[in-house]
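Take a look at the structure below.
The values are calculated or read from the model by the stated rules, or taken from the named source; none is laboratory data. In this text the structure is predicted, and so the values were computed from the model without any measurement. The accessibility values were calculated without ligands, DNA or RNA, using every heavy atom of the protein model including side chains. Shrake-Rupley method; radii C 1.70, N 1.55, O 1.52, S 1.80 Å.
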Amino acid sequence: MSSQSSTDSAHSTALPIPANDFLAMGVPAKVAAALFIADIVEPTKVQSAVIPDALAGHDVLGRAQTGSGKTLAFGIPVVARLAGTPSRFGRPRALVIVPTRELASQVTSSMEPIARAMRLRLTTVYGGAPYDKQIRAIRQGVDIVVATPGRLGDLIERGVIGTEDIEITVLDEADHLCDLGFY
């Protein structure tokens, strides 16, 4: 496998950039480098199908088996599309809504390295955890919120999260969300 270097225009740090299909799909070099560092060098089937359309700003619906790479199929375009523009405090620009706190933690773990590569802030909010830490993280400013519907609704009602700047919404496991009564 070959790699080449790319220099960030704002910083002179050289990043290893893999020669792979992620770059060919239009994924930013810093995101491709973060994926490469995580030993993700080739897109999965669902990623190849979803990423180009999502990067272009189209609505997409992806269905695939557990472990097929769905999280990065939506996570990469979310991060790429938000990069370069700061979010206002308490006003995230992307919401990823998930049915369970376990899935919220998994999505956050998958998205954090690529969000960090693009200098985006991400936080997770879900029920069963103290409000204080979640409120503090949002008030410090976040670009992407991964949330369960109940806690998200509570934080919106409390005025902690404003939705007027939301550019991208992801419903992860939408069928499970509907089964739980969140339409």
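Observations, loosely collected:
- On full extension, the segment bounded by Ser48 and Met118 gains 23.1 nm, given 0.36 nm per residue less the C-alpha separation.
- In the chain, the longest principal axis of the Cα atoms and the axis of helix 101-117 are about 40 degrees apart.
- Residue among Thr148, Thr66, Thr44 with the largest mean-square fluctuation in a Gaussian network model of the chain, springs linking Cα atoms under 10 Å: Thr66
- Helical runs (DSSP H, four residues minimum) scored at -39500 (n - 2.57) apiece and divided by the length of the chain put the mean residue ellipticity at 222 nm at -12500 deg cm²/dmol.
- Taking Ala54, Ala73, Ala64 in turn, the Gaussian network model of the chain (Cα-Cα springs below 10 Å) assigns the largest fluctuation to Ala64.
- Antiparallel content of DSSP bridges confined to the chain, in %, to 5: 35
- When mean projected area of the Cα convex hull in nm² is calculated for this entry, the matching label among [x] 15.3; [y] 10.7; [z] 17.2 is [y].
- With Cα atoms, 0 to 90° folded angle of helix 45-55 axis to the chain main axis: 80
- Computed from Cα atoms, the angle from the helix 70-82 axis to the main principal axis of the chain rounds to 90 degrees.
- Once C-alpha pairs closer than 8 Å and six or more residues apart are averaged by separation and normalised to the residue number of segment 47-113, the relative contact order reads 32 percent.
- The value of relative contact order for segment 12-137, using C-alpha pairs under 8 Å at least six residues apart, is 22 percent.
- The portion of the accessible surface of the chain made up by carbon and sulfur, rounded to a whole percent, is 49 (1.4 Å probe; DNA, RNA and ligands excluded).
- Per residue, the solvent-accessible area of the chain (1.4 Å probe, heavy atoms of protein chains only, all protein chains present) comes to 54 Å².
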